[in-house]
1. Can you report the number of residues in the stretch 112-162 which are of a type in the set (Asp, Glu), within 26 Å of Ile13 (Cβ to Cβ) and without any contact (Cβ under 8 Å) to a residue 40 or more places away in the chain?
2. Does any residue of the stretch 125-140 turn out to be under 24 Å from Lys108 (Cα atoms), assigned to a helix (DSSP H, G or I) and among the polar types (S, T, N, Q)?
3. Before we move on, is Glu129 surrounded by fewer than 13 Cβ atoms within 10 Å (Cβ to Cβ) and under 30 Å from the mean Cα position of the chain (by Cα)?
4. Take the conditions under 30 Å from Tyr19 (Cα atoms), in a helix (DSSP H, G or I) and in contact (Cβ under 8 Å) with a residue 24 or more places away in the chain and apply them to Leu88. Does it pass?
5. Glu55 versus (1) buried (at least 17 other Cβ atoms within 10 Å of the Cβ); (2) outside any helix (DSSP H, G or I): which is the lone unmet condition?
6. Can you tell me which condition Ile168 does not meet? The list is (1) at pLDDT 80 or above; (2) within 18 Å of Arg101 (Cβ to Cβ), and all the others hold.
7. Before we move on, is Val38 touching a helix residue (DSSP H, G or I) at 6+ places or on another chain (Cβ under 7 Å), surrounded by 15 or more Cβ atoms within 10 Å (Cβ to Cβ) and more than 30 Å from Thr156 (Cβ to Cβ)?
8. May I ask you to say which residue of Leu43, Leu82, Leu23 is loosely packed, with under 14 Cβ neighbours inside 10 Å and either closer than 24 Å to Phe176 by Cα or touching a Phe, Trp or Tyr at 6+ places or on another chain (Cβ under 9 Å) (or both)?
Amino acid sequence: MSQESSYELKGIIKQAFSYKKHLIKANFIAVLATLCAVPIPLLLPLIVDEVLLDEPGPTVHFIAQLTPQAWHGPVLFVMAVLVFTLILRLASVLLNVVQSRYFTIIAKHITYRIRTRLIKRLGTIAISEYETRGSAGIASHFVTDIEVIDNFIGGTISRFIVATLSIIGTAVVLLFLHWQLALLILFF
């Protein structure tokens, strides 16, 4: 049996790499989704520091340059950051959906290949197996095992990539803000 038609993890990964175009798109979208998601928890504390503690910083100055002088005030600055946060969150969710779609496409193609190969093998199973397990038992093993592979490729891998990128992005932001505290947090 060639490695591309293997049912082991190595063979499944080799089959997934045959969809390079979808994998590249999915990973690029995962990076964009992470770039949208990482700054979200930092924006509201930033605006609290700059507006409520009355220590204007780059965020307040940036918003002030884009708006008329008469509008300037805490409500404008907080609402602007809130709207920007909502836009980033929406973009992150939409990009995660698109990225999951690409991984689902790859998973469905791989499981389709596996199913067609297994259906061809059904004819080679000994009749005694059908008598002891029953045809429904044998069919259910095929269905549940392939569903596990489908869920692993379609859901788990895509979530793993986004989670890993989010952790790395958060660590970079923490290191940028206060490297001593970030090292302590990352150590724990």
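The values are calculated or read from the model by the stated rules, or taken from the named source; none is laboratory data. The shown structure was predicted, so the numbers you read here are calculated from the model rather than taken from an experiment. Don't worry about glycine lacking a Cβ; one is built from the backbone with ideal geometry, like all the others, and counts go over all protein chains shown.
1. So the answer is 2.
2. Yes: one or more hits.
3. no
4. So Leu88 fits the description; yes.
5. Result: Glu55 fails condition (1) only.
6. So Ile168 meets the others, but not (2).
7. Against the criterion (touching a helix residue (DSSP H, G or I) at 6+ places or on another chain (Cβ under 7 Å), surrounded by 15 or more Cβ atoms within 10 Å (Cβ to Cβ) and more than 30 Å from Thr156 (Cβ to Cβ)), Val38 does not qualify.
8. Testing whether each residue is loosely packed, with under 14 Cβ neighbours inside 10 Å and either closer than 24 Å to Phe176 by Cα or touching a Phe, Trp or Tyr at 6+ places or on another chain (Cβ under 9 Å) (or both) leaves just Leu82.
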